[in-house]
Amino acid sequence: YGKPRYSGEVPVEKRCGRYEKAFQHFSKSDSQYAFYSLGTMYHRGNYVEQSDEKAFEYYERSANQGNPFANYEVGCFYDRGTAVVKDKEKANQYYERAYGKFQQMLDKQEDDNLLYRIGEMIYHGKGVEADVDVAKTYLEKAVSFGNKNAKYLLASIYLKEYDYEHIPEAIKWLEESEHPHACYLLG
């Protein structure tokens with residue numbers, strides 16, 4: 001956890017070859033996982049030319065097959081108005097589907113990334129009523145597993161709420177963070 005998948009040990013040529021093989025494999029499949037992976041490749045520009053339109057198309061296909069991560073991504077596209085007309089109602093519908101599935105997944109197995117995602121959704125009111133205290137419960141559990149994203153979000157909540165008991169810990173997490181806005185929050 002926490003270590004980038006490709007931390008510089010693998011030459012770029014090999015990474016590109018892996019993306020090419022992955023792209024070829026995923027392109028032959030019509031599973032929700034292949035569509036989600038293709039959406040991610042287009043969203044990030046891995047092996048393919050970056051395209052929000054293509055990313056949205058693949059995420060939506062995956063979401064329509066029930067992939068909760070794709071539902072979340074489609075919700076984000078509608079929320080921001082990226083590659084589609086901004087539509088908060090549609091965004092919330094996709095977020096609600098994702099949230100429900102994430103909760104089901106978490107009931108089966110505790111996972112720091114699911115705890116973070118659910119906490120983040122509750123904090124921002126994505127697909128569920130916003131509730132800072134409930135969000136903090138999920139985020140604190142994710143932090144207990146060492147989740148870096150949860151540490152950043154929870155630190156920002158502690159600072160925003162002037163939670164003096166937790167501010168020293170929040171500052172430590174931000175100092176260790178690689179999040180681009182950590183320095184801003186520290187300032």
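Computed quantities for the displayed model
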read-out: Test result for residue 89, open to solvent by 30 Å² or more (accessible area, probe 1.4 Å), farther than 27 Å from residue 178 by Cα, at pLDDT 95 or above and of a type in the set (Asp, Glu); value: yes
read-out: Only listed residue being in contact with a helix residue (DSSP H, G or I) (Cβ under 7 Å, 6 or more places away or on another chain), over 24 Å from residue 67 (Cβ atoms) and touching a residue at least 12 places away in the same chain (Cβ under 8 Å), chosen from 138, 152, 116, 94; value: 152
read-out: Candidate set from the stretch 96-110 (those that are acidic (Asp, Glu) and at pLDDT 95 or above); member that is surrounded by the fewest Cβ atoms within 10 Å (Cβ to Cβ); value: 107
read-out: Unmet criterion (only one of (1) within 27 Å of residue 157 (Cβ to Cβ); (2) hydrophobic (A, V, I, L, M, F, W, C); (3) outside any helix (DSSP H, G or I)) for residue 84; value: (1)
read-out: Unmet requirement for residue 10, which otherwise passes all of (1) part of a helix (DSSP H, G or I); (2) open to solvent by less than 50 Å² (accessible area, probe 1.4 Å); (3) at pLDDT below 95; value: (1)
read-out: Residue, surrounded by the fewest Cβ atoms within 10 Å (Cβ to Cβ), within the stretch 125-166, restricted to residues that are small (Gly, Ala, Ser) and outside any loop (DSSP other than H, G, I, E, B); value: 144
read-out: Test: residue in the stretch 38-56 that is under 29 Å from residue 154 (Cα atoms), assigned to a loop (DSSP other than H, G, I, E, B) and out of contact with any strand residue (DSSP E or B) (no Cβ under 8 Å at 6 or more places or on another chain); value: no
read-out: Those residues of the stretch 167-187 which are among the small types (Gly, Ala, Ser) and part of a helix (DSSP H, G or I), in sequence order; value: 170, 182
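Listed here are the residues, each with its yes/no results for (1) free of Cβ contacts under 8 Å to residues at least 24 places away in the same chain; (2) open to solvent by less than 20 Å² (accessible area, probe 1.4 Å); (3) assigned to a helix (DSSP H, G or I); (4) in contact with a helix residue (DSSP H, G or I) (Cβ under 7 Å, 6 or more places away or on another chain).
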| position | (1), (2), (3), (4) |
| --- | --- |
| 20 | no, no, yes, no |
| 29 | yes, no, no, no |
| 35 | no, yes, yes, yes |
| 73 | no, no, yes, yes |
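The values are calculated or read from the model by the stated rules, or taken from the named source; none is laboratory data. Keep in mind the model is a prediction, meaning the values are calculated, not measured. Reconstructed Cβ throughout: ideal geometry from the backbone, glycine too, with neighbour counts over all protein chains shown. Only protein heavy atoms, including side chains, enter the accessible area calculation; ligands, DNA and RNA are left aside. Shrake-Rupley method; radii C 1.70, N 1.55, O 1.52, S 1.80 Å.
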